[in-house]
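Encoded as structure tokens, the structure appears first; notes follow it.
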Amino acid sequence: MSAIKPTETAASPRTAGSAANSMWGGRFAGGADRVMEAINASIDIDRRFYRQDIRASQAHAAMLVAQGIVSAEDGAAIHRGLDQVLAEIEEGRFTFSRALEDIHMNVEARLKEIVGEPAGRLHTARSRNDQVATDFRLWVRDALDGLDERLRDLQAALIGRAEQEAGTLMPGYTHLQAAQPVTFGHHLLAYVEMLGRDRGRLADCRERLNESPLGAAALAGTSFPIDREATARALGFDRPMANSIDAVSDRDFALEFLSALSILAVHLSRFAEELVLWCSEGFRFVGLSDAFTTGSSIMPQKRNPDAAELVRGKAGRVIGDLNALLIVMKGLPLTYGKDMQEDKEPVFDAVDTLDLCIAATAGMVRDLAVDRERMRKALSAGFITATDLADWLVRELGLPFREAHHVTGSLVAKAEAAGCDLAALPLAELRSVEPRIHEGVLSVLTPEQAVASRVSLGGTAPERVREAAAAARERWL
């Protein structure tokens, strides 16, 4: 899905000033102003549709032959000529012309040079309106399939590290304050679940967009006896779109796609932010190698987590792509307006951006060096087993939780005044607040004990993390 850059020269016979008018027919006698030509052309953007455009044209031509609208000889010439156009583009031998505006007219003009008169029959019973809508859906569908594979690889990287770190203790945070002990593996699996929902949203988007606009023509359908079911099947769509106006005028599939990509970008950004924090001097939970960091131009000691920072920053770009298309579409009356030519660039940009971000994130996950001792030491701050003490008071002494919460708060104050953690408070100090506390409380006051006790479904106990990682591997990989 990377941008292609075939040659473009003014010397081509298809770039002459009257070339665009020859495609339009007899309505226009004069050439377009050069400024008009520049603002009207989309070929620099939509040339990425070339595979989808040629595939859809071949399906359309085959249907025209099957329906007796175009002769078999002309259909064969069209198919053969389109194969040649495809080869020329993929080999970098195709000359694109801005005077021909878009990928559709560039392909058709070259087809005419190759096969002559039969090329003029290809556009029977279709319009550029249904043509571009079809190409766009095909491209987004291909992009969805590619993104799903890359997200699967990222999940595989996270699951693999989670299995390695199933017993690695670290603080879990709320408000960026140490809250309860968890395992690093459990933390990583949270992102596996988020990415799984991202894949689900993309799959839902794919299912909804998988209807064919081809045959809707400009907006009202066509009087030719076409077979829209046949072209839909040939292109892998589930069915033709039911309404010709809707088929050419809406881009909700692109908006849904960008919406799902924006949520995905936010998930990647949150993980990237944690990597930035964990690499910082205040944490030093993990390190990244030279492969995913850069240095400073002035401070030789620096190793900056720039890959993570860029993933975090690029989320704004993807969200901006969604906003751009929402704003383009929000005031358009049915059916097609040239404003909709602006629909493709945000989608292309978002896909290119996330392709890179997903790959970078997977690379960083596999590159991480985990400082398990540093994570363990961080558990000594913040009285991180306080909730476990409150739960013990409820479970063992029958206190209502609100009362247990109050007792625990008083004991935290004592520990804070003594400069120690809860596990270091003498039993007598514990009993000075709640006389019924007994030695059994010592079984819940260390981080290891606290983590091991969290055996509820979805909990952080190492045995549950290993089970969850195995289940995630089964579900997603």
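May I ask you to list the residues in region 175-194 that are outside any helix (DSSP H, G or I) and over 20 Å from Ser453 (Cα atoms)? Give the steps one after another, and end with the answer.
So the first thing to find is which residues in region 175-194 are outside any helix (DSSP H, G or I), and the list is 175-183.
Selection gives His175, Leu176, Gln177.
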Looking at (1) modelled with pLDDT of 95 or more; (2) surrounded by 16 or more Cβ atoms within 10 Å (Cβ to Cβ); (3) in a loop (DSSP other than H, G, I, E, B), which one does Ala360 not meet, given that it meets all the others? (3)
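Please go through region 368-377 and give me each residue that is among the hydrophobic types (A, V, I, L, M, F, W, C) and either exposed (fewer than 15 other Cβ atoms within 10 Å of the Cβ) or at pLDDT below 95 (or both), ordered by number.
Ala369
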Could you grab me the full set of residues in region 337-357 that are crowded, with 21+ Cβ neighbours inside 10 Å and more than 29 Å from Glu309 (Cα to Cα)? Met340
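Name the residues in region 245-298 that are hydroxyl-bearing (Ser, Thr, Tyr), out of contact with any Asp or Glu (no Cβ under 6 Å at 6 or more places or on another chain) and surrounded by fewer than 16 Cβ atoms within 10 Å (Cβ to Cβ), would you? Even if it seems obvious, please write down each step before you answer.
Restricting attention to region 245-298, the residues satisfying the condition of being hydroxyl-bearing (Ser, Thr, Tyr) are 249, 259, 262, 269, 280, 289, 293-294, 296-297.
Filter again for out of contact with any Asp or Glu (no Cβ under 6 Å at 6 or more places or on another chain), leaving 249, 259, 262, 269, 280, 293, 296-297.
Within region 245-298, Ser280, Ser296, Ser297 qualify.
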Six or more apart or on different chains, Cβ atoms under 8 Å: show the pairs whose first residue is in region 448-467 and farther than 16 Å from Glu165 by Cβ and whose second is of a type in the set (A, V, I, L, M, F, W, C) and modelled with pLDDT under 95. Ala450/Ile384; Ala450/Val444; Ser453/Val444
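Quick grid of which residues meet (1) outside any loop (DSSP other than H, G, I, E, B); (2) on the phi > 0 side of the Ramachandran plot; (3) of a type in the set (A, V, I, L, M):
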site	(1), (2), (3)
Ala216	no, no, yes
Ala247	yes, no, yes
Glu256	yes, no, no
Glu281	no, no, no
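Hey, can you tell me all the residues within region 133-186 that are among the hydroxyl-bearing types (Ser, Thr, Tyr) and open to solvent by less than 40 Å² (accessible area, probe 1.4 Å)? First the steps, then the outcome.
Taking region 133-186 and keeping what is among the hydroxyl-bearing types (Ser, Thr, Tyr), we get 134, 168, 173-174, 183.
If the condition is that a residue be among the hydroxyl-bearing types (Ser, Thr, Tyr) and open to solvent by less than 40 Å² (accessible area, probe 1.4 Å), then Thr134, Thr168, Thr183 are the ones that fit.
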Here the residues within region 402-442 that are within 30 Å of Val465 (Cβ to Cβ) and loosely packed, with under 13 Cβ neighbours inside 10 Å are Ala424, Glu439, Gly440
Just wondering, is there one or more residues in region 353-365 that are touching a residue at least 12 places away in the same chain (Cβ under 8 Å), within 15 Å of Leu258 (Cα to Cα) and among the aliphatic types (A, V, I, L, M)? yes
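Before we move on, is Leu442 in contact with a helix residue (DSSP H, G or I) (Cβ under 9 Å, 6 or more places away or on another chain) and assigned to a helix (DSSP H, G or I)? Working first, answer last.
Details: in contact with a helix residue (DSSP H, G or I) (Cβ under 9 Å, 6 or more places away or on another chain): yes; assigned to a helix (DSSP H, G or I): yes.
The answer is yes for Leu442.
Criterion first (more than 31 Å from the chain's Cα centre (by Cα) and at pLDDT below 85) does Arg27 satisfy it? Break it down stepwise before answering.
Values: more than 31 Å from the chain's Cα centre (by Cα): yes; at pLDDT below 85: yes.
So Arg27 passes the test.
Out of curiosity, is Ile69 assigned to a helix (DSSP H, G or I) and surrounded by fewer than 22 Cβ atoms within 10 Å (Cβ to Cβ)? Walk me through how you get there before you give the answer.
Numbers: assigned to a helix (DSSP H, G or I): no; surrounded by fewer than 22 Cβ atoms within 10 Å (Cβ to Cβ): yes.
Against the criterion (assigned to a helix (DSSP H, G or I) and surrounded by fewer than 22 Cβ atoms within 10 Å (Cβ to Cβ)), Ile69 does not qualify.
Suppose we keep only residues that are among the basic types (Lys, Arg) and under 25 Å from Pro240 (Cβ atoms) within region 107-132. Which one would you say is surrounded by the most Cβ atoms within 10 Å (Cβ to Cβ)?
Just the residues of region 107-132 that are among the basic types (Lys, Arg), to begin with: 110, 112, 121, 126, 128.
Cutting the leftovers down to under 25 Å from Pro240 (Cβ atoms) gives us 121, 126, 128.
Numbers: Arg121: 18, Arg126: 26, Arg128: 19.
That would be Arg126.
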So, Arg55, is that one open to solvent by 50 Å² or more (accessible area, probe 1.4 Å), in contact (Cβ under 8 Å) with a residue 12 or more places away in the chain and not hydroxyl-bearing (Ser, Thr, Tyr) or not? yes
Residue pairs meeting the criteria (Cβ under 7 Å; at least 6 apart or on separate chains; first modelled with pLDDT under 95, in region 264-275; second in a helix (DSSP H, G or I) and not aromatic (Phe, Trp, Tyr)): none
What pairs can you find where one residue is in region 204-228 and farther than 12 Å from Ser244 by Cβ, the other is open to solvent by 40 Å² or more (accessible area, probe 1.4 Å) and hydrophobic (A, V, I, L, M, F, W, C), and their Cβ atoms are less than 6 Å apart, with a gap of 6+ or different chains? Phe224/Ile69
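The values are calculated or read from the model by the stated rules, or taken from the named source; none is laboratory data. All values reported here derive from a predicted model rather than from experimental measurement. Cβ atoms come from the backbone with ideal geometry, glycine included; neighbour counts cover every protein chain shown. SASA here: full protein model, heavy atoms, side chains in, ligands and nucleic acids out. Shrake-Rupley method; radii C 1.70, N 1.55, O 1.52, S 1.80 Å.
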